[in-house]
Amino acid sequence: MVLLNGDVKPYVDIDTLKSSEEITIDGCVHRIKDMGAISFIIIRTGQFLVQCVYEESECSFEMPQIKTGDNVRVSGKTRSEERAAGGVEIVLESVELLSRPAAEYPLSVFKNKMNCSIETNLDYRSVALRNVRERNIFKIQQGVADAFREYMKSQNFTEIHTPKIVAHGAEGGANIFKLKYFGQDAFLAQSPQFYKQTCVAFFDRVFEIGPVFRAEKHNTTRHLNEYTGLDFEMGYIDSMYDVMAMETAMLKYMMKYLEENYSRELSLAQAELPKIDEIPSITFDEAMEILGFSALKADLDPDDEVKLCEYSKEKYGSDFIFVTHFPKTKRPFYAMDDRENPKAALSFDLLFRGLEITTGGQRIHDYNEQVEKMERMGLDPNDFSSYLDIHKYGMPPHGGLGIGLERLVMKLLDLSNIRQASMFPRDANRITP
């Protein structure tokens, strides 16, 4: 019998190391530089690269035969070294081989840049992510998610976890994955939309960080078939501008949070955080005028998004711009129609550095209005009876949004392909690794 009392093995943080400390670190041999009487062994932990030194004249043990990729346990004494990460290096006193790979790395993970195609990177993803720059993307992604969660909680939002196997798609249409569920049809959730709205009835404000599935056969640098959504929904709003104000405040908090807590990772990525004072907002009609279209289009295309962000940067000095009041024909059935403009919905997108990262708006809360719009759009309200229960039994005015985590990180880090911002991306052609 083994009794566990909760004592855990400490994980070494290089930022806390001081000179003349006795220390033991477990990690992977990232790189070896043999200079004869002196060898430098760079150990990669889950957080840092640690420089270790073997000096024949100083070390009282014989260095075992180790190579790149070996997992080892090293012990020694720290000493100051400005050129090393954290300002310290370890003078080795012992090296223990823990495990050895059965094959050589197919990628040069120890280099600053691996100089391989994105397809090769993704084929060998478990190896590619051992490169510190590749791995660094997901440390920053962690910071983005942490900041979102922390801000939402500070504003009295309750975190929820909604089903991903559902009876109906939130968006409708053909871009939904179908599956058999114990003899009946089911789908992978396109959005937590229905459940977010449901939870507003008893929590007022809710948020979720979770997977979203879209069965779109896109093969572009900006689309994934599974991505991570940062979603929130809030009740008792006066208009959709309350939702936009909440997102603006959250993004301001996020950039400050990243700057204060992820400066090393941002420096490694050579990332420039956007400065957010205010985010300009224009209507879809105004966007058409700016883009030079004499007649309204149904939606914005990628080139339009790039041009509108260039306009926002030039006119307002902002990397962001809201576009509001989209044509209602292109917005989902739960989007509230604009009372003043019957052709428009109270719906918006947020564009960032040339890419739409957010869609949101005010939702219909009145039961009869929601049923009427469903019927007008050719939907059978009986198919959405459980969703309509929230309207039937009373909902406050409410609205919310969804942010694509990978898109946001992609633009924060100036990545060329959204797959680089997904740890194990899923697209129309890739279901492994």
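What follows draws every value from the coordinates through simple rules; no lab data is involved. What you are looking at is a predicted structure, and each value in this text was computed from that prediction instead of being measured. In this analysis, Cβ positions are derived from the backbone assuming ideal geometry, glycine residues included, and neighbour counts consider all displayed protein chains.
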Sorted by Cβ density within 10 Å, fewest first, the residues ASP26, ASP34: ASP34, ASP26
Can you tell me how the stretch 50-131 classifies by the Cα gyration tensor, rounded, prolate or oblate, using a/c under 1.5 as the rounded cut? oblate
Farthest toward positive dipole pole in the stretch 278-368 [+1 Lys/Arg, -1 Asp/Glu at C-beta], among SER312, PHE333, LEU346: PHE333
By the gyration tensor of its Cα atoms, with a ≥ b ≥ c the square roots of the eigenvalues, what is the shape of the stretch 149-218: rounded for a/c under 1.5, prolate for a/b over b/c, or oblate? prolate
At what distance in angstrom do the alpha carbon centres of the stretch 406-428 and the stretch 252-278 lie from each other? 18 Å
Here the FRET efficiency for ASP299 versus THR45, based on Cβ atoms and R0 = 51 Å and rounded to 0.05, is 0.65
Ordered by packing density, taken as the mean number of other Cβ atoms within 10 Å over each peptide's residues, highest first, how do 218-228, 369-379 rank? 218-228, 369-379
Zone residues, the stretch 184-207, relative to LYS392, backbone N less than 17 Å from point 7 Å out along Cα-to-Cβ: 195, 198-199, 201
Here are labelled values, [x] 0.94; [y] 1.18; [z] 1.03, and one is the computed Cα Rg over 2.2 N^0.38 Å for what I pasted. Which one? [y]
Rounded to the nearest 20 Debye, what is the dipole magnitude of the stretch 132-421 about its Cα centre when Lys and Arg each give +1 and Asp and Glu each give -1 at the C-beta? 800 debye
Long pairs among LYS252/LYS411; LYS328/LYS373; LYS178/LYS392, criterion Cα-Cα beyond 21 Å: LYS178/LYS392
So for LYS307, LYS411, LYS343, fewest C-beta neighbours within 10 Å to most, what's the order? LYS343, LYS307, LYS411
For the stretch 124-170: rounded, prolate or oblate by the Cα gyration tensor [a/c cutoff 1.5]: oblate
I want the antiparallel fraction of DSSP beta bridges within the stretch 131-262, as a percent rounded to 5. 90 percent
Restricting to DSSP H runs of at least four residues, report the calculated mean residue ellipticity at 222 nm for the chain, -39500 (n - 2.57) per run over all residues, nearest 500 deg cm²/dmol. -8500 deg cm²/dmol
Using the Kyte-Doolittle scale, which helices in the chain average at least -0.5 and also have C-alpha atoms spread 30 Å or more along the helix axis, with helices defined as whole DSSP H runs? 240-261
Where the centre of each part is set by its Cα atoms, how far does the stretch 379-404 sit from the stretch 1-76, in angstrom? 56 Å
Among 184-195, 413-424, the order from most to least packed when residues are scored by Cβ within 10 Å on average: 184-195, 413-424
